[in-house]
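The values are calculated or read from the model by the stated rules, or taken from the named source; none is laboratory data. A quick note: this is a predicted structure, and the numbers were derived from the prediction, not measured. Heads up, the Cβs are rebuilt from the backbone with ideal geometry, glycines too, and the neighbour counts pull from every protein chain shown.
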Amino acid sequence: MQSFNSLVIDYKDNEHNISFRTKIFRELKHKEVLVKIKYSSLNYKDALSVSGKSKIIRGEEMVPGLDFSGTVIDSKSKKFNKGEKVLATGSGLGETIDGGFSEFIYVPDNILLHVPKKLSLLSSMQIGTAGFTAAISIEKMLLNKQSIGSGPIVVTGASGGVGSISINILSNIGFETIAITRNKNYIPYLKKIGATSVIIPKILEKKSLNNKLFAGSIDNVGGELLDWLIKSTKDNGNIVSVGMASSYNLNTTVFPLIMRGINILGVSSTNYPNNKRRFIWEKLSNKYKPSQLSLINKNCINLKEVINYSKKMVSGKVAGRTIIKIY
C-alpha cells in the first residue's frame, strides 16, 4: 500500500472545508513514529472543528482528531518499537499537528505513550481525551484537599464525555455526585453511571452569594452556570473549569473567593506535561478506571460517519462517548 486516507480540514480563502484525502507515505523524520490507527474518538472540540462551528486548527490545513490508539508500524525513536501498542491524547493533535482521524499518522515520540498493561487499544480510546481530562480534573481537586466528607461534587455538561467519565470515577472513589443536564431524557443514563441525583437548571439565582449547596464541581459549560456554581459552593471548595460549551465569558463577583475561600482551578489536557501523562494513564488503568465504559461509550462509528455525527454532537443530540473505529 502506497497511500492512506485521512479526513482533512482546510481554510483556504478563509472558508471552512472538509473532505477525505489520499496521503502518500513518506520517510520518517528523527524521533518520529508511524502508527496504524485502530481507534480514535469524537470529542466535543473535534465536533466543533469538523462542523466548522469553531476554528480549532492552527493553520490552513490539518487532520482533526484529539486522540488515537494504534500499533507502531515503523519508528525512528529509541522509545518505541515496531508492533507496540501506543496512544496519544491532546498535545496539539488536531490543532497544531495532524490528528487521529486518519488510517495512519506520523507522530513525534515525545507525545506518544505505551498503552498501559491493563488497558487495550479499545478501552484506552473509550477513556480517551475525555477520560484523561476527567482524571486530571479529579487529581487536581484531590491535591487541593477535596474530601469525600465535605459534601457532593456537581458535574455540569454531565451527559458529555468528560462529564460522564467524571461522574463515574467520582462515584467509584466514594464521592456523592450530582449531575447537571439540560435534557431530562438523560436522567436514567446519568444515574446508571453513578450520579446520586440530577438537576435540570431553570432560573439561576443572581445574587452576590447563594446558599452553600456543593462542596466542589467540574464544569464543562462556563458562562452563567459557572458563575452560579462559584456562588453556590461551600467554604474552601474546589471548582475545576474544563470547558465552555455555553460561553467562554465569566461575569461573577469576588465574594465567594474572599468570604468562602473558593478555589477556581483550571486544567488543560492539551498542554499537560508528557512525563505526568504516564502517571495519569496508569491511574486510569487502576484506581481511576471507569467501571461503566460500555454504557458511557454509546456510539461506535467509522471515519466516513464523522462529519454527520459532529453535527449531531454540536446540536446536543449525542450523549456519552463516541468511538471511531478506523479498521
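Observations on the structure shown:
- Extreme residue, nearest to Ser232 (Cα to Cα), among residues of the stretch 138-176 that are more than 20 Å from the chain's Cα centre (by Cα) and in a helix (DSSP H, G or I): Ser150
- The set of residues in the stretch 75-96 that are surrounded by fewer than 18 Cβ atoms within 10 Å (Cβ to Cβ) and either free of Cβ contacts under 8 Å to residues at least 40 places away in the same chain or not small (Gly, Ala, Ser) (or both) comprises Lys76, Lys78, Lys79, Asn81, Lys82, Gly83, Glu84, Thr96.
- Count of the stretch 255-275 residues, restricted to those that are outside any helix (DSSP H, G or I) and within 18 Å of Leu213 (Cα to Cα), is 5.
- Against the list (1) closer than 27 Å to Asn249 by Cβ; (2) touching a residue at least 60 places away in the same chain (Cβ under 8 Å), the condition Ser150 fails is (1).
Okay, residues lined up against (1) loosely packed, with under 14 Cβ neighbours inside 10 Å; (2) part of a loop (DSSP other than H, G, I, E, B); (3) touching a Lys or Arg at 6+ places or on another chain (Cβ under 6 Å):
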| residue | (1), (2), (3) |
| --- | --- |
| Ile218 | no, no, no |
| Ala245 | no, yes, no |
| Arg277 | no, no, no |
| Ile280 | no, no, no |
| Asn286 | yes, yes, no |
| Met313 | no, no, no |
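- When Lys45, Lys38, Lys55, Lys31 are checked against the criterion of being within 16 Å of Ser269 (Cβ to Cβ) and among the basic types (Lys, Arg), a single residue qualifies: Lys45.
- Selection count, the stretch 299-321, where residues are under 15 Å from the mean Cα position of the chain (by Cα) and hydrophobic (A, V, I, L, M, F, W, C): 4
- Members of the stretch 307-325 found to be over 29 Å from Lys117 (Cα atoms) and of a type outside the set (Phe, Trp, Tyr), listed by number: Ile307, Asn308, Ser310, Lys311, Lys312, Met313, Val314, Ser315, Gly316, Lys317, Val318
- Residues in the stretch 292-304 that are of a type outside the set (A, V, I, L, M) and touching a strand residue (DSSP E or B) at 6+ places or on another chain (Cβ under 8 Å) were compared, and the one that is surrounded by the most Cβ atoms within 10 Å (Cβ to Cβ) is Asn297.
- First in the stretch 12-26 and of a type in the set (Val, Ile, Thr), second anywhere and loosely packed, with under 10 Cβ neighbours inside 10 Å, Cβ under 7 Å, 6 or more apart: Ile24/Gln2
- Residue pairs whose Cβ atoms lie under 7 Å apart, separated by 6 or more positions or on different chains, with the first residue in the stretch 245-268 and assigned by TED's automatic domain parsing to the domain that holds Ala134 and over 20 Å from Tyr44 (Cα atoms) and the second part of a loop (DSSP other than H, G, I, E, B) and among the small types (Gly, Ala, Ser), are Thr253/Ser208; Phe255/Ser208.
- Within the stretch 273-306, tally of residues that are hydrophobic (A, V, I, L, M, F, W, C) and in contact with a Leu (Cβ under 8 Å, 6 or more places away or on another chain): 5
- Flag if Leu213 is among the hydrophobic types (A, V, I, L, M, F, W, C), touching a strand residue (DSSP E or B) at 6+ places or on another chain (Cβ under 9 Å), surrounded by fewer than 22 Cβ atoms within 10 Å (Cβ to Cβ) and not assigned by TED's automatic domain parsing to the domain that holds Val254: no
- Residue ID - farthest from the chain's Cα centre (by Cα), chosen from residues in the stretch 261-275 that are surrounded by fewer than 17 Cβ atoms within 10 Å (Cβ to Cβ) and over 30 Å from Arg21 (Cα atoms): Gly261
- Options Ala135, Ala179: the member that is in a helix (DSSP H, G or I) and not charged (D, E, K, R): Ala135
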